[in-house]
Amino acid sequence: MRYSELTSYRDFRYGGVDKLLWPKSDTDAYVSILNDWKVQHEDWLQDVESKRVVVQAGGNCGMYPLLYSSYFSNVYTFEPDQLNFYCLTNNCQLDNVIKFNTAVGNGGMATLSNYEGYNIGTIKSQVSKRGAIPSVRIDDLNLKHCDLIHLDLEGSESDALVGGMDTIKKFNPIIILEKGHGAEKIKKIGYIQTFDGRDKVYKRK
């Protein structure tokens, strides 16, 4: 079945965007991502002094990178699932959104788990010798700036932080971690929690 047959446009009407292309099967991710943004994004962004570069993963169907594109000069987003990336590409046809159809981690290859129930945001990548999906390191982007890193990786945040540690130490970005996954990696280098929601925010002292 073609991806076009698995997706449809949904009314969005937020941030100047009328519609988003989204998998028909999803009933949870669309609502929860938008609600999290509406409720929390001002808290997420309040300590981000410069808004040049944000690294955001997983990109899902493009809602987060699309919303971030209004605030940041450049958005780097990662989404390994093919159907989600199909939607992301359609929803983020913007020059300042740099899209990667890969996992983000500490190198190597990865496999994907199936999504849970009707939430296409619960797909998880895991490093595996049998994997067919590249797991890209944030450090390998060789960024000139990094002001915010936002990771929503269903528990795989720790690997992504390890793969981005040189970038983190160099630029001291604000870091957002879903449920605080992997926070011990950045607390070791002086990060403290500044916001406590489902997505927790960290800043280097």
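The values are calculated or read from the model by the stated rules, or taken from the named source; none is laboratory data. Quantities reported herein were computed from a predicted structural model and do not represent experimental measurements. Reconstructed Cβ throughout: ideal geometry from the backbone, glycine too, with neighbour counts over all protein chains shown.
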What is the residue count in the range 42-59 for residues that are more than 24 Å from Met109 (Cβ to Cβ), buried (at least 24 other Cβ atoms within 10 Å of the Cβ) and among the small types (Gly, Ala, Ser)?
0
Just checking, does the range 125-147 include any residue being under 18 Å from Ile33 (Cα atoms) and either touching a Lys or Arg at 6+ places or on another chain (Cβ under 6 Å) or of a type in the set (A, V, I, L, M, F, W, C) (or both)?
no
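Only one residue in Thr122, Thr102 is in contact with a Pro (Cβ under 8 Å, 6 or more places away or on another chain), surrounded by fewer than 21 Cβ atoms within 10 Å (Cβ to Cβ) and among the β-branched types (Val, Ile, Thr). Which one? Even if it seems obvious, please write down each step before you answer.
On the way: Thr122 fails: in contact with a Pro (Cβ under 8 Å, 6 or more places away or on another chain).
Answer to the check: Thr102.
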In the range 154-184, what residues are part of a helix (DSSP H, G or I), charged (D, E, K, R) and either modelled with pLDDT under 95 or under 16 Å from the mean Cα position of the chain (by Cα) (or both)?
Glu157, Asp159
Which members of the range 60-71 meet the condition of being surrounded by fewer than 24 Cβ atoms within 10 Å (Cβ to Cβ) and not aliphatic (A, V, I, L, M)?
Ser69, Ser70, Tyr71
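Test Asp11 against the stated conditions and say whether it is surrounded by 13 or more Cβ atoms within 10 Å (Cβ to Cβ) and either part of a strand (DSSP E or B) or not hydrophobic (A, V, I, L, M, F, W, C) (or both). Quick ask: steps written out before the conclusion?
Values: surrounded by 13 or more Cβ atoms within 10 Å (Cβ to Cβ): no; either part of a strand (DSSP E or B) or not hydrophobic (A, V, I, L, M, F, W, C) (or both): yes.
Here the answer is no, as Asp11 does not meet what is asked.
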How many residues, within the range 185-205, are charged (D, E, K, R), within 20 Å of Ser156 (Cβ to Cβ) and assigned to a strand (DSSP E or B)?
2
Considering the range 125-141, residues that are assigned to a strand (DSSP E or B) and polar (S, T, N, Q), and then whichever is surrounded by the most Cβ atoms within 10 Å (Cβ to Cβ), we arrive at Ser125
